[in-house]
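One structure is given here, and the rest of the page talks about it.
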Amino acid sequence: MGGVRVDARVAIDPDAVVADVDPRMFGSFAEHMGRCIYGGIYDPDDPSADADGFRGDVIDLVRELGVNVVRYPGGNFVSSYRWEDGVGPRTARPNRLNLAWRCLETNDFGLGEFMSWTRKSGVEPMMTVNLGTRGVTEAVDLIEYCNHPANTYWSDLRRNHGFEEPHGIKLWCLGNEMDGPWQVGSKTPYEYARLAAETAKAMRIVDPDIELVAAGSSNSKMPTFGQWESELLEHAYDHVDYVALHHYFDPDATSVPEFLASGAVLERFVDDVVATCDHMRARLGRKKRMRLSVDEWNVWRQSRFTEPTDRAWIESPALIEDDYDVTDAVVVGDLLISLLRHADRVSIANQAQLVNVIAPIRTSPGKPAWRQTIFHPFALMAACANQTVLHTRPQSPCYDAGDVADEVPLVSTTATWDPDLRAVTLFAVNRDAQQLSLSIDVKALGEKARAWGHEAVSSSVSTDGIPVAMGELTVEGGECVARLPAQSWNMLRFAVPA
Ligand code: AHR
């Protein structure tokens, strides 16, 4: 296109398939932490609450967000949780100390309430067992309670609790962040590997159809990163389906250019875990390729948070209710781009968390729930990136993001192809402080391909993170040039008439 300066280039080819998107890529996480459950999901006193005490406005926003799977009940909380406390008649449920977050747990909300809430919200449950203070027996009891049809102690107890049919929970996590010294009952790599393998074996005897996620490293800077995964897979390769990884990105701990490199940092982490899994596959001579579950990721101003050591044991204190700005929304969109680029290995990803606690959805007593900036790129990607991911190999200038990463491309992209809609959606992030022009080669989409729309999130175009429609986009000679605002997340759509 004559006369337009081009800063970066990308080509879209519907035959260059990475993988189909697993719907669980758009997952979230609800922990008994702060006001995520109590005051977030569950608040019988709220005007929007239904007969079960679930906030109706939150359920509406969860559906709008497009979340498909929700991990529960923790997080750090699960590592000292007794699941039996949260089932059966409410009046008989004990108050307990929530050791992870130093507060009082009433157990008003538990397994049965979570299952009812998932049905009302249209999401799949992803249940975590306690491998901190507990072990094989309690995990087996829990899966028998949930998934066994009848005529055993635990399955009949579930039926007595009003759930005649099994809950049929398919996806299970074997503990949470067991490598972290902050975790109640944390483990050495060997201790966890053996416990995970034995727990997985026993759980599968109860229900052979489940999928199991082993806890991986809590972030890429953990001293045991790499060794943890190798040792785990040495013992558990044949017993688990996914290795988990967690990563949070803190804008307060880095400069803006470093923070904007978060997507590249996450990609490096995913690549390293994939490499470790594949190394173990070769060493063990296995056919199966391990898949990944990025079951906690988000922007979190973690450096502002200090672990409480002397707070009174009160119910659901507000914890880490971060307010997000537009740059945070751009980074969230960029992190999702990075995950989609690895859709061949990443099947599950859970933004942490869903309501109030570092969350896209916020509530306040008696007021309607509202969307944070980070809600918007997630919702659009969950709605539009739901079919097949295509390889895009952008040619882009790179920058040095200091201690965080070097050779970070200024423009990162992914694209998805929806054969039913005959549409290609290109997602692009511009990490530069300047507007950049991106040339998009759509020749492989055929002569009839036309641009359909361009929306962007950037502090240069809006203050609330709601995507703004950009200027008209035209395809000429199989090419189109888009202007990506400074530090922006962009969604560009192309119609491909048959
Ligand atoms: O999401 C908040 C906490 O972050 C989780 O409980 C824990 O798993 C992680 O460290």
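Readers should treat all values here as calculations from the given coordinates under stated rules, not as data from a laboratory. On a predicted model such as this, the values are computed, not experimentally measured, just so you know. Reconstructed Cβ throughout: ideal geometry from the backbone, glycine too, with neighbour counts over all protein chains shown.
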If Lys and Arg each add +1 and Asp and Glu each add -1, what is the summed charge of the other residues whose beta carbon sits under 11 Å from the beta carbon of Pro14?
-2
Hull surface divided by four, with the convex hull built on the Cα atoms of the stretch 177-312: how many nm²?
10.1 nm²
Please work out the ratio of the alpha-carbon Rg of the stretch 147-210 to 2.2 N^0.38 Å and round it to two decimals.
1.41
For the stretch 327-333, Karplus-derived ³J(HN,Hα) couplings (6.51, -1.76, 1.60; θ = phi - 60°; whole Hz; x for glycine and proline) come out as 5, 4, 5, 4, 5, 4, x
Glu191 to Arg422: extension gain in nm, 0.36 nm per residue of separation minus the Cα-Cα distance?
78.1 nm
Figure the gain on full extension for Leu97 and Asp406 (residue separation times 0.36 nm, minus the Cα-Cα span) and round it to one decimal in nm.
106.8 nm
At R0 = 60 Å, FRET efficiency that the Cβ-Cβ distance of Ser303 and Ile205 yields, to 0.05:
0.85
Residue by residue through the stretch 48-56, the couplings from Karplus 6.51 cos²θ - 1.76 cosθ + 1.60 with θ = phi - 60°, in Hz, x for Gly and Pro, are 8, 5, 8, 5, 8, x, 8, 5, x
Separation between the Glu124 and Thr152 pseudo-spin-labels, each 7 Å from Cα along Cα→Cβ, expressed in nm?
2.3 nm
Student exercise, the chain dipole from Lys, Arg, Asp, Glu Cβ charges, in Debye to nearest 20
560 debye
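If you take all C-alpha pairs in the stretch 29-120, what percent of them are over 22 Å apart?
Working: 978 of 4186 pairs.
It works out to 23 percent of all Cα pairs.
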At 0.692 mPa s and 37 °C, Stokes diffusion of the stretch 235-379 via Kirkwood alpha-carbon radius, µm² per second
193 µm²/s
When ranked by the protection proxy of mean other Cβ atoms within 10 Å per residue, highest first, what sequence do the peptides 469-482, 285-298, 258-271, 400-413 form?
258-271, 285-298, 400-413, 469-482
Give the percent of DSSP beta bridges with both residues in the stretch 1-157 that are antiparallel, rounded to the nearest 5.
40 percent
From the residues Gly27, Gly53, Trp101, which one has its Cα farthest along the dipole of the stretch 3-126 in the positive direction, the dipole being from +1 and -1 charges on Cβ of Lys/Arg and Asp/Glu about the Cα centre?
Trp101
Rounded to the nearest 0.05, FRET efficiency between Lys448 and Asp22 (Cβ-Cβ, R0 35 Å) equals 0.70
Any idea how far apart Thr137 and Ala253 come out in nm if each label point goes 7 Å out from Cα toward Cβ?
3.9 nm
Between the stretch 305-343 and the stretch 1-78, what is the separation of their alpha carbon centroids in Å?
13 Å
Which order do the peptides 230-238, 167-175, 147-155, 274-282 come out in when sorted by mean C-beta neighbours inside 10 angstrom, highest first?
167-175, 230-238, 274-282, 147-155
Give the calculated FRET efficiency between Arg159 and Trp313 to the nearest 0.05, with a Förster radius of 45 Å applied to their Cβ-Cβ distance.
0.85
Residues meeting the amide H criterion for Val70 (H placed from the backbone, H to H distance under 5 Å, 5 or more places apart or on another chain) are Ser28, Glu124, Met126
What is the gain in length, in nm to one decimal, between Leu284 and Ala495 on full extension, counting 0.36 nm per residue of separation less the C-alpha to C-alpha distance?
71.4 nm
Cα convex hull of the chain: mean projected area in nm², to one decimal?
23.4 nm²
